[in-house]
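Below: one structure, written as structure tokens.
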Amino acid sequence: MGESNEATGGGARRHGFGIVGAGVIGATHAEAIAMIPSARLAAVADLNPGRARELAGKHGCEHADSLDALLARPDVDVVSVCVPSGLHAEAGIRAAKAGKHLVIEKPIDVTLQAADRLIAAARAAGVAMTVISQHRFDPGPAELRRLLDAGALGSLVLGEASTKWYRTQGYYDSAAWRGTPDLDGGSLMNQGIHYVDLLLWALGPATEVTAVCVTRAHQIEVEDTALAIVRFSSGAVGSIASSTAVFPGSPQRLEVHGTTGTVVIEDGRLVLRALSGEDPGGPGRAPDPPAPAAAANAAAIDPAGHAAQIGDLLAAIDVGRPPAVTAEDARATLEVVCAVYQSQRSGRTITIPVRPDPQAGP
Ligand SMILES: NC(=O)c1ccc[n+]([C@@H]2O[C@H](COP(=O)([O-])OP(=O)(O)OC[C@H]3O[C@@H](n4cnc5c(N)ncnc54)[C@H](O)[C@@H]3O)[C@@H](O)[C@H]2O)c1
């Protein structure tokens, strides 16, 4: 295990971070790490050495010539994996074998087989792992969790997760991996997955998925629009909508409806809380949500959620508890995304657990 934490002057332990992948989200990880008192960015690696140098220079740390060089550093005990999605397991397995704890960007990978290899490698190495789902740490979901745990919504009936965003063809053309089945997946695997994770987190495990996917506005090999209905093991039902083709884009939205209450979240903020016996104009009504920056801009990412999740992983490592977002949570979310794709390919309802698809692809 990477136990090379550096002792600080005050006696507190600081975790040394390495980032692999110095692109859009690698920069967010560097900002998030800088926000955490118990973390320190030690080095950055990227296939493109100029990118690694630039990000390292901005944060006053070193750049490593390769992932192997990053993993060989004793001052790195946690690795943030920020490479394209279909390379997450490969990079994560190498880091786990080197004894490093893991922060994996979402999705955990683009296939369940790759996710399982990564989970097995982390277990075998005895390292901790979290997979980024930063919106669980937003204020709206935190309030929803409190209400669900208190039973305030009654029996859950219906949940809806929607990501109606706009991405130009230029976004997909900006890197060769974007919009490819093996390295990215479509709008649901990349963008919609955040609120799929929140939907499952709120309503519990899914048992069945029926979906259609279309590509309406982009020259890509994957869907830019997905629509699914979901059954949950509780008996509740739900829907998922995800698109990168709708102009101008709107806030990401989660609705959770139960027999005694409804909560609606937009872009991480609770915008409606209506509970039986509670004045709907009273406490709990949040002010208007902020402008939906991420709806139309892939680089508009607030590092606060990442900082909260990475800080949680470090606290989990320090006291030996599981992190708030586990690898198994991320696998369950990926499984629903894979079920959507299988349903589109087969024209059938897919039951969970998902069986390997004879028609290949994620
Ligand atoms: N949590 C979020 O809100 C969020 C937002 C954006 C992206 N992401 C995720 O982050 C990942 C990266 O997305 P991005 O937008 O930063 O992509 P990007 O293209 O901007 O950056 C990826 C970087 O990885 C480097 N790279 C590719 N293969 C490599 C390898 N084998 N070894 C080392 N470096 C390698 C590339 O040179 C590039 O600099 C994706 O999995 C994506 O889903 C998450």
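Structure data summary
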quantity	calculated
Pairs with Cβ under 8 Å, 6+ apart, first in segment 9-26 and among the basic types (K, R) and away from the ligand (no atom under 16 Å from the Cβ), second modelled with pLDDT under 95 and open to solvent by less than 30 Å² (accessible area, probe 1.4 Å)	R13/N5; R14/N5
Residues located in segment 194-221, provided they are of a type outside the set (A, V, I, L, M) and part of a loop (DSSP other than H, G, I, E, B)	G204, P205, T215, R216, H218, Q219, E221
Qualifying residue in segment 143-158 (condition: assigned to a helix (DSSP H, G or I) and open to solvent by less than 30 Å² (accessible area, probe 1.4 Å))	yes
Enumerated strands (runs of 3 or more DSSP E) restricted to segment 55-105, each holding at least 1 residues that are more than 9 Å from the ligand (Cβ to nearest atom) and open to solvent by 60 Å² or more (accessible area, probe 1.4 Å)	62-64
Filter pass, A120 being closer than 19 Å to V325 by Cβ, touching a residue at least 24 places away in the same chain (Cβ under 8 Å) and either open to solvent by 40 Å² or more (accessible area, probe 1.4 Å) or more than 8 Å from the ligand (Cβ to nearest atom) (or both)	no
Counted residues, segment 219-233 - those being over 20 Å from T349 (Cα atoms) and either touching a Leu at 6+ places or on another chain (Cβ under 6 Å) or not hydrophobic (A, V, I, L, M, F, W, C) (or both)	3
Among residues of segment 316-335, those that are in contact (Cβ under 8 Å) with a residue 24 or more places away in the chain, part of a helix (DSSP H, G or I) and away from the ligand (no atom under 16 Å from the Cβ), counted	6
Qualifying residue in segment 149-163 (condition: at pLDDT 95 or above and within 12 Å of the ligand (Cβ to nearest atom))	yes
Boolean, A32 is open to solvent by less than 20 Å² (accessible area, probe 1.4 Å), within 13 Å of the ligand (Cβ to nearest atom), part of a helix (DSSP H, G or I) and modelled with pLDDT of 95 or more	yes
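The values are calculated or read from the model by the stated rules, or taken from the named source; none is laboratory data. Worth saying up front: this structure is predicted, and the values here are computed from it rather than measured. Positions of Cβ are backbone-derived with ideal geometry, glycine not excepted, and every protein chain shown enters the neighbour counts. We work out accessible area using only protein heavy atoms, side chains counted, and drop any ligands, DNA or RNA first. Shrake-Rupley method; radii C 1.70, N 1.55, O 1.52, S 1.80 Å.
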